Amino acid sequence: MQIEIQSLRKVYPGGVVGLEGLDLTIPSGLYGLLGPNGSGKTTLMRILATLLEPTSGEARVGGYDVRRDKAAIRQVLGYMPQEFGFYPNLSAYETLDYFALLCRVTDKQERQRRIEQALGRTNLTQLAGRRVGTFSGGMKQRLGLAQALLNNPQVLIVDEPTSGLDPEERIRLRNLWAELAGDRVIILSTHIVADLAAGADQLAILHRGRRLFAGRPSEMLSPLRGKTWIIDIEEDELSRVRGDHFVTGVFRSATGMQVRVVADEMTHPRGYPAEPTMDDAYVHIMHQEAGSAADDLV
Amino acid sequence: MIWSEARSAALIARREYQLSCRGPAFWVVAAAGSVLALWRSSSSGVTAALAAYATWNVTVLALSVLAILIAASAAARDRREAASELVFSKALGNSPYLVAARFLGVWGSPITIVVIMLAVAAARQVIGGSPWHLGAYSNALVRCLAPLALATALGFSLTTLFVSPLAAGIAALYWVSVPLARGQLPWVADMTPTQHWPVAALLAAGLVSLTAALYGRALQTGGSRAPLGWAAALLFAGAGIAALGIAFSGDDTLTRRDPILSAMAAQRVLDKQPAPGFWSPDGSGRLVGLSDLSDRPIALAFWGPSAPESAQVLRLLQDAARKFRSANLACIAVCVDSDSGAAAPFADEVKPEVTVIWDRGQHYGDGERWSDSPLGLAYEVKQVPAIFLLDRHRRLQARLDYEALPRLEAALTQVVAEP
């Protein structure tokens, strides 16, 4: 299973550009989509989920065209949008039963098996009989994921799945991605880099509808190897260090503060080398994009 | 594939029905309807047919308006709960089967309320020691189906197509205006009478088909809907033809064309003179004439189920027929409502003692247009109930209105004593 995207463009009514000639190949495994709000992540996911028509370009899910083969794509698709709700009068089990019927699972025993499996995977078994109207945000989020798993999808698209989840649930979800990935495609959109750091096989960074990076996490990190540093500073030094270096993170330490910086050479006396992280790489890429945009303006 | 979709749709209809029946609105309406049914069936002299008719009346006048709003609320549920994208991303998400399934499920909700109301009315009859009449309740239920289908289709389709329950609200207002302004609106606009069920059913099916054809277009979710569009067009055309048929084949034309009916209407009723004759069909289509009843005293009552207080003359006539059996009293009840389907259970309740016949001619059930009925014209009936007592020589001996009903037995005693 593979998703191929060529020159994909989406312009909304009013001229707002969602995607600007995107090229991407998404192989099997966990694929992360990173980017700030408004970068085009949700637009891309909705096009792949056959909920939005692209303006131009092509996108194929497992060989099926998103314009012409919507029904075929939906057979193999599990989708969890960023914002969604359920019918509050139904229990979690009844909700999943309804959505399983929408997936054309007519056999009662098969439906029951799939629902129980989805409930188990999302840690909702104990809440199966409870009305969805009484669910917390995190529970709804998990139920949203459960409904996306009902048809045993070959392509699972989840948009910001960890928002509203407590740390334990987030870890549980990360483990679930690892369990589900394999020969299926899981596209995970997030603006939290840590969600992808643990297990993404590949990822892409989008910004203003364009691709800034696509590849393996290690490829994202490699340009920063030997260029990432930690500097121990006093609190009043921060603004000066910011002026002298490109800072990717600021942390408190037992003795004062630490800043992570990306630089070819370290001139600060309390600076020492560090292993680059995904956060460093992400912030660096976004900074480069901002710089080139500024250059374009000049 | 088609079988799989249809089977899924049937199961979804069941879930949709459960959803529609779970909300507090459903139980509020069901409770209010039950109280109303209890009240209408608790008055003295209320028979099963009258209780069932009252329930039907409440249904078509009030519950159908609520059905529009219930259906509109159900159709807006996906958007209201932000579940549209979850639904649309599923295999059956933009299928016309889903539209049909949801409509059927939602339609089940007001039907269930009618069943509850009828059950309450029947229980009241049983507890009160009155005979309950299954035919009357089932007749009322069946006659509710088409008006409720149209009301549900209006609320469901307009909300789905116009992406706003506002359109359904406007439809509900129109629906309310029809019975309120019946004298002014065309006869065919009133979907409540039995004979209009084909128009209501075709319109409902056409609306749902059109909705299914257009469903999902906003999200450009693909798939050809042309056959459904054609089906909707055909159904609407069928409804239009049926409506025109009702409008242009009204009994007014029949009255003008049929010399027998014209002659019947031209008769005049005079005290102590032979009463106007007639030749009208009973519930089984057999023609009953005054000449068939020679040498028998006759109690001839005009009534109509749309004036429920007039229906009590049926029970009075039945009692009189039993009491004056030795005098060979013939009891004839002339139904002047044109909604014959509504009157049939009443006729069943009082046979064989009372023969119910239908006056022909176009006459609405609102108390204002009975003058169009030929027999009503001949007997100068201004309001129902009206009872005319004829002696063995067909001479008019007494006429009684609603206030004079307590004097019926005394008047009959005098009439049967006439040589």
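The values are calculated or read from the model by the stated rules, or taken from the named source; none is laboratory data. Keep in mind that what you see is a predicted model, and the values were worked out from it rather than measured. Note that each Cβ is placed from the backbone with ideal geometry, even for glycine, and that neighbours are counted across all protein chains shown.
Which one is nearest to the other protein chains (Cβ to nearest Cβ), of the residues in region B:67-92 that are closer than 24 Å to B:ALA204 by Cβ and of a type in the set (Gly, Ala, Ser)? Ranking the qualifying residues of region B:67-92, first place goes to B:ALA74.
Given the criteria at pLDDT 85 or above, under 22 Å from A:ASP195 (Cβ atoms) and in contact with a Gly (Cβ under 8 Å, 6 or more places away or on another chain), does A:ASP280 qualify? The answer is yes for A:ASP280. Against the test of being in contact with a Phe, Trp or Tyr (Cβ under 9 Å, 6 or more places away or on another chain), more than 14 Å from every other protein chain (Cβ to nearest Cβ), crowded, with 20+ Cβ neighbours inside 10 Å and part of a helix (DSSP H, G or I), the options B:TYR53, B:TYR17 yield a single qualifying residue, B:TYR53.
Scanning region A:28-44 for residues that are under 10 Å from the mean Cα position of the chain (by Cα) and buried (at least 23 other Cβ atoms within 10 Å of the Cβ) turns up A:LEU30, A:TYR31, A:GLY32, A:LEU33, A:LEU34, A:GLY35, A:LYS41. Within the set B:SER41, B:SER64, the sole residue that is away from every other protein chain (no Cβ under 14 Å), farther than 24 Å from B:PHE156 by Cβ, surrounded by 18 or more Cβ atoms within 10 Å (Cβ to Cβ) and among the hydroxyl-bearing types (Ser, Thr, Tyr) turns out to be B:SER41. Checked against (1) more than 14 Å from the chain's Cα centre (by Cα); (2) within 23 Å of B:ALA6 (Cβ to Cβ); (3) more than 14 Å from every other protein chain (Cβ to nearest Cβ), B:ILE116 passes all but condition (2). Annotation: of all residues in region A:208-258 being acidic (Asp, Glu) and more than 16 Å from A:ALA274 (Cα to Cα), the one that is surrounded by the most Cβ atoms within 10 Å (Cβ to Cβ) is A:GLU237. When B:THR59 is tested against (1) of a type in the set (S, T, N, Q); (2) surrounded by fewer than 24 Cβ atoms within 10 Å (Cβ to Cβ); (3) more than 8 Å from chain A (Cβ to nearest Cβ); (4) part of a helix (DSSP H, G or I), just one condition goes unmet, and that condition is (2).
For region B:381-397, the criterion of being at pLDDT below 85 and either assigned to a helix (DSSP H, G or I) or surrounded by fewer than 16 Cβ atoms within 10 Å (Cβ to Cβ) (or both) is satisfied by at least one residue. Across region A:60-83, what is the number of residues that are surrounded by 22 or more Cβ atoms within 10 Å (Cβ to Cβ) and either assigned to a strand (DSSP E or B) or within 7 Å of another protein chain (Cβ to nearest Cβ) (or both)? Of the residues in that region, 8 qualify.
In summary, helices (runs of 4 or more DSSP H) completely within region A:85-167 and bearing 1 or more residues that are within 13 Å of chain B (Cβ to nearest Cβ) and more than 21 Å from the chain's Cα centre (by Cα) occur at A:92-102, A:108-121.
One line per residue, one yes/no per condition, for (1) touching a Leu at 6+ places or on another chain (Cβ under 9 Å); (2) surrounded by 19 or more Cβ atoms within 10 Å (Cβ to Cβ):
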{"residue": "A:THR122", "(1), (2)": "yes, yes"}
{"residue": "A:LEU127", "(1), (2)": "yes, yes"}
{"residue": "A:PHE135", "(1), (2)": "yes, yes"}
{"residue": "A:GLY138", "(1), (2)": "yes, no"}
{"residue": "A:GLN141", "(1), (2)": "yes, yes"}
{"residue": "A:ALA148", "(1), (2)": "yes, yes"}
{"residue": "A:ASP159", "(1), (2)": "yes, yes"}
{"residue": "A:GLY164", "(1), (2)": "no, no"}
{"residue": "A:LEU173", "(1), (2)": "yes, yes"}
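For B:ALA6, indicate whether it is within 12 Å of chain A (Cβ to nearest Cβ), part of a helix (DSSP H, G or I), surrounded by fewer than 17 Cβ atoms within 10 Å (Cβ to Cβ) and touching a residue at least 60 places away in the same chain (Cβ under 8 Å). Judged against the criteria, B:ALA6 is a match. Residues in region B:335-367 that are more than 21 Å from B:GLY135 (Cα to Cα) and modelled with pLDDT of 85 or more: 0 in all.
Just one residue in the set A:ARG260, A:ARG270, A:ARG225 is over 30 Å from A:GLY15 (Cβ atoms), at pLDDT 85 or above, touching a helix residue (DSSP H, G or I) at 6+ places or on another chain (Cβ under 9 Å) and basic (Lys, Arg); that residue is A:ARG260. Sort out which residues of region A:45-56 are surrounded by fewer than 17 Cβ atoms within 10 Å (Cβ to Cβ) and either more than 8 Å from chain B (Cβ to nearest Cβ) or assigned to a helix (DSSP H, G or I) (or both), and write them in order of number. Hits for region A:45-56 are A:THR55, A:SER56. Taking the residues in region B:67-99 that are in a helix (DSSP H, G or I) and among the acidic types (Asp, Glu) as candidates, determine which candidate is surrounded by the fewest Cβ atoms within 10 Å (Cβ to Cβ). The residue in question is B:ASP78.
Of all the residues in region A:27-44, those that are in a helix (DSSP H, G or I) and away from chain B (no Cβ under 14 Å) number 2. Scanning region A:39-92 for residues that are of a type in the set (A, V, I, L, M) and more than 23 Å from A:LEU206 (Cβ to Cβ) turns up A:ALA71, A:ALA72, A:VAL76, A:LEU90, A:ALA92. From the list A:ALA200, A:ALA254, A:ALA204, which one is among the hydrophobic types (A, V, I, L, M, F, W, C), in a loop (DSSP other than H, G, I, E, B) and within 30 Å of A:LEU176 (Cβ to Cβ)? Only one candidate passes the filter, namely A:ALA200. Scanning region A:88-123 for residues that are basic (Lys, Arg) and either in contact (Cβ under 8 Å) with a residue 24 or more places away in the chain or under 19 Å from B:ALA13 (Cβ atoms) (or both) gives A:ARG104, A:LYS108, A:ARG111, A:ARG114, A:ARG121.
Residues of region B:24-60 that are at pLDDT below 80 and within 18 Å of B:TRP107 (Cβ to Cβ): B:VAL60 alone.
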